[in-house]
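One structure below.
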Amino acid sequence: MAFFGHHMCRAFSSSAFRSVAIKHVVIIGGGQMGAGIAQVAASTGHQVTLVDTSDAILTKAVKGIEASLKRVVKKKFADKPEAGVAFIEKALRNVSIATDAAAAVQSADLALEAIVENLKVKQDLFSVLDKTAPAHTIFASNTSSLPIGDIASATSRLDRFGGLHFFNPVPMMKLVEVIGTSATSQETFDSLMNFSNALGKTSVSCKDTPGFIVNRLLVPYMLEAVRLHERGHGSKEDIDVAMKLGAGYPMGPFELLDYVGLDTAKFILDGWSAMEPTNPLFSPSPLLNKLVADGKFGKKTGEGFYKYK
Ligand SMILES: CCCCCCCC(=O)CC(=O)SCCNC(=O)CCNC(=O)[C@H](O)C(C)(C)COP(=O)(O)OP(=O)(O)OC[C@H]1O[C@@H](n2cnc3c(N)ncnc32)[C@H](O)[C@@H]1OP(=O)(O)O
Ligand SMILES: NC(=O)C1=CN([C@@H]2O[C@H](COP(=O)(O)OP(=O)(O)OC[C@H]3O[C@@H](n4cnc5c(N)ncnc54)[C@H](O)[C@@H]3O)[C@@H](O)[C@H]2O)C=CC1
């Protein structure tokens with residue numbers, strides 16, 4: 001009953017209102033995901049403010065964006081190097097940096113967070129932003145595993161809150177999962193879809209269920225690979241080779257875990273294991289816990305399952 005009610009309400013509201021055109025995007029979190037989203041948004045003509053906790057992190061993020069843009073133009077403008085240089089300059093001109101998210105959102109059409117995968121920290125951020133962002137500003141989360149509705153509950157704009165889930169590395173991965181909660185208005189959902197399409201991505205619509213589509217399938221697979229290794233049934237190297245050559249994956253599960261970040265992987269697993277303690281797919285992994293406890297978060301710290309230095 002509620003299901004049908006929700007959809008009828010959306011259909012009605014879409015004829016009554018128009019979606020918001022997103023021009024200025026404030027991205028909170030300048031790590032691998034936030035920087036990647038900022039890059040793609042800036043490259044497609046959006047005005048971007050990238051926010052993080054320190055200037056040092058933001059300077060590193062902008063350097064990363066520049067390096068990634070160089071890789072993009074090497075292919076995109078292979079025969080026209082000057083056009084490539086102009087493309088990079090134009091994209092970088094669209095990016096500004098800030099450490100005060102509450103001030104930055106005062107002119108935002110969209111405030112999108114890509115900070116640490118922790119419900120309380122995300123709620124605290126949005127509850128602050130809710131007080132300074134204009135009424136029309138849409139809020140969205142790039143969470144990998146948390147229910148969007150739980151994050152939105154810290155705000156008073158449940159109708160203007162949704163999920164935009166990007167994939168790593170953002171400039172290369174073509175998918176965005178767009179998530180509406182039962183309270184997300186049709187015009188907000190349309191705005192998020194339009195924004196994702198304007199970034200040149202292919203969008204799929206997802207229900208607000210943990211892990212949406214991709215991670216609900218990918219996370220158990222990756223953790224099963226770790227458990228298979230923990231049982232002594234395969235080396236990391238053999239499992240990675242097997243999945244690349246036998247299943248056509250571009251990276252094996254251990255390579256991908258290191259690429260994603262083991263800290264993030266543990267946040268996801270701990271959250272899901274607390275939600276469903278008896279589900280064997282979400283049982284803790286001693287090996288993952290040990291690596292994270294040792295500060296070995298994968299590529300970003302120079303060591304995870306493999307060494308990168
Ligand atoms: C417990 C579980 C936890 C799960 C957590 C889930 C986290 C989430 O919420 C959702 C996720 O994002 S899951 C991760 C999804 N991503 C993937 O599966 C990536 C798999 N890897 C690939 O697609 C390719 O290896 C890839 C595209 C990365 C690289 O391609 P190749 O393998 O062919 O390797 P390369 O030769 O290094 O690259 C080829 C060319 O690609 C371009 N490129 C790569 N990275 C780039 C980047 N960051 N920026 C710009 N361009 C980039 C580039 O053109 C490169 O050529 P070169 O520049 O000449 O090297
Ligand atoms: N790593 C991945 O492959 C993917 C991650 N995600 C999600 O995206 C989010 C970010 O992940 P990553 O970029 O990998 O993490 P990361 O660790 O590379 O970056 C997170 C950034 O957020 C900053 N930050 C933390 N708290 C903050 C706050 N309160 N205000 C401002 N900045 C803050 C940190 O300083 C850091 O620079 C997480 O929710 C994660 O689950 C989603 C898709 C893929």
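The values are calculated or read from the model by the stated rules, or taken from the named source; none is laboratory data. Please read these numbers as outputs of a predicted model, since none were measured by experiment. Every residue, glycine as well, gets a Cβ built from its backbone with ideal geometry; the counts of neighbours run over all protein chains shown. Ligands, DNA and RNA are excluded from the accessible area calculation, which covers all protein heavy atoms including side chains. Shrake-Rupley method; radii C 1.70, N 1.55, O 1.52, S 1.80 Å.
When the Kirkwood radius is taken over all Cα pairs of the range 156-309, what Stokes-Einstein diffusion coefficient follows at 10 °C and 1.306 mPa s, in µm²/s? Before the final figure, lay out each step's value.
Numbers: Rh = 17.1 Å.
The diffusion coefficient I find is 93 µm²/s.
For the pair Val214/Tyr259, report the inter-label distance in nm, with labels modelled 7 Å from Cα in the Cβ direction.
With each label point 7 Å from Cα toward Cβ, the separation is 1.1 nm.
Could you list the square roots of 5 times each eigenvalue of the Cα gyration tensor of the chain, that is, the equivalent ellipsoid semi-axes, sorted largest first and rounded to whole Å?
Values: eigenvalues 192, 135, 68 Å².
Output for the chain: semi-axes of 31, 26, 18 Å.
For labels at Lys23 and Lys75 in the simple 7 Å Cα→Cβ model, what's the distance in nm?
Modelled inter-label distance: 3.2 nm.
Before rounding to the nearest 500, sum -39500 (n - 2.57) across all DSSP H runs of length at least 4 in the chain and divide by the residue total; then give [θ] at 222 nm in deg cm²/dmol.
When only DSSP H runs of four or more count, the value is -16000 deg cm²/dmol.
Specify the inter-centroid distance of the range 89-107 and the range 201-243, based on alpha-carbon positions, in whole Å.
The distance from the Cα centre of the range 89-107 to that of the range 201-243 comes to 34 Å.
Take each uninterrupted DSSP H stretch in the chain, measure its Cα extent along the helix axis, and return the ones at 15 Å or beyond whose mean Kyte-Doolittle hydropathy is at least 0.5.
Helices meeting the span and hydropathy rule in the chain are 32-43.
Using a 7 Å offset from the Cα along the Cα-to-Cβ direction at both Tyr308 and Met173, what is the distance between the two label points in nm, to one decimal?
1.4 nm
Can you give me the % of accessible surface on the range 122-211 that is carbon or sulfur? Probe 1.4 Å, all protein chains present, nothing else counted. Don't jump to the answer; show the numbers that get you there.
Values: 1780 of 3090 Å².
The value for the range 122-211 is 58 percent carbon and sulfur by accessible area.
Once neighbouring chains are kept in place and the probe is 1.4 Å, which whole percent of the accessible area of the range 268-309 is contributed by carbon and sulfur? List each step's numbers first, then the result.
Working: 1500 of 2460 Å².
For the range 268-309, the apolar C and S fraction of the accessible surface comes to 61 percent.
In this model, which of Lys236/Lys309; Lys201/Lys244; Lys23/Lys75; Lys74/Lys236; Lys60/Lys299 are farther than 23 Å apart at the alpha-carbon? Each step should come with its number before you reach the end.
Working: Lys236/Lys309 18 Å; Lys201/Lys244 25 Å; Lys23/Lys75 27 Å; Lys74/Lys236 33 Å; Lys60/Lys299 15 Å.
Table pairs above 23 Å Cα-Cα are Lys201/Lys244; Lys23/Lys75; Lys74/Lys236.
Rg (Å, one decimal) plus Dmax (Å, integer) for the alpha carbons of the range 217-300?
Final numbers for Rg and Dmax: 12.4, 35 Å.
At 1.4 Å probe size, with every protein chain present, just tell me what the per residue accessible area of the chain comes to in Å².
Values: 15070 Å² over 309 residues.
On a per-residue basis, the chain sits at 49 Å².
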